[in-house]
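In what follows, a single structure is set out as structure tokens and then discussed.
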Amino acid sequence: MHRRDRRHDRPARRRTALALSAALLAAAPLLTACGGDAHPGAAAVVGGERIDVSSLQAEVRTARDAQSASPQAAQLIAATGDLGRQKLNGMIFDRILAEVADEQGVTATRAELQRTRAAFVRENGGEEGLEAVLLQQQGVAPAQIDDVVRRNVLMTKIIEKLGIAETPEGQQKLQEVFATASKSLDIDVNPRYGSWDDGKVQLAGGPAGAAWLRQAAAPADAAGAGPAAG
């Protein structure tokens, strides 16, 4: 019997993590009917901790400022749709990701973050290429790239820790882990942004069938798919 060289698994696992979180965070959920606001000034409450509307607006403003500075400003803004809900989706998911990482004893070291960012830079033809891909496809400003890197390091390590395979069964297992964490955090979203779906681990109204999980097995082209959005 031959011992499998785990080093050859790493690029595939990184692609898996990119496909997972990029598909999730690219979702542009629909706005549901408005209701009462139980948490004034909050865009969402996750695990008892607020995501303030002001914090969400700051994330959106940073991205929009970067887009507006581009010669392709109109196209970039149009391509990212309702960036507010996309950003909120990502901010909520990051808290679920942190919960799962804590449960699995997973952390992101400074060295791992540096190596992952360097890999993203190489795969996208340099720092400017990476910035362009994230800004054009996912509405991520240069100042937000470190958050994207951290998310992907944690996703990759969770996948490795759980032994998730790029199969329907593996994707189902991963979905169950994140859905359980999502439910435990008792997520409450301001109705102006929609509502949270624990089963799909995203704002309600996104692509049906937890597309972000189904895409886990799809190879992520380095220049096309790129790192996951923030």
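Every number here is computed from the coordinates shown, using simple stated rules; none is lab data. Values in this document were obtained by computation on a predicted structure and should not be read as measured data. Virtual Cβ from ideal backbone geometry, glycine too; neighbours counted across all protein chains shown.
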Report task. Can you figure out the FRET efficiency of ASP52 with ASP186, using R₀ = 25 Å and their beta-carbon distance, to the nearest 0.05? Result -> 0.90
Requested in this report: Within the set of other residues whose C-beta is less than 10 Å from the C-beta of VAL106, count the net charge using Lys and Arg as +1 and Asp and Glu as -1.
Outcome: -1
Query - Interchain or long-range residues, amide H under 5 Å from GLN202's placed H - result: ASP197
Requested in this report: Can you put ILE77, ILE92, ILE187 in order of Cβ neighbours within 10 angstrom, beginning with the fewest?
Outcome: ILE77, ILE187, ILE92
Report task. Please work out the ratio of the alpha-carbon Rg of segment 29-152 to 2.2 N^0.38 Å and round it to two decimals. Result -> 1.17
Query raised in the report: If you take the Cα Rg of segment 148-189 and divide it by 2.2 N^0.38 Å, with N the number of residues, what do you get?
Result: 1.29
Report task. Please arrange SER68, SER195 by counting, for each residue, the other beta carbons lying within 10 Å of its beta carbon, fewest first. Result -> SER68, SER195
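R0 = 30 Å: FRET efficiency of ALA78 with ALA165, Cβ-based, nearest 0.05?
0.20
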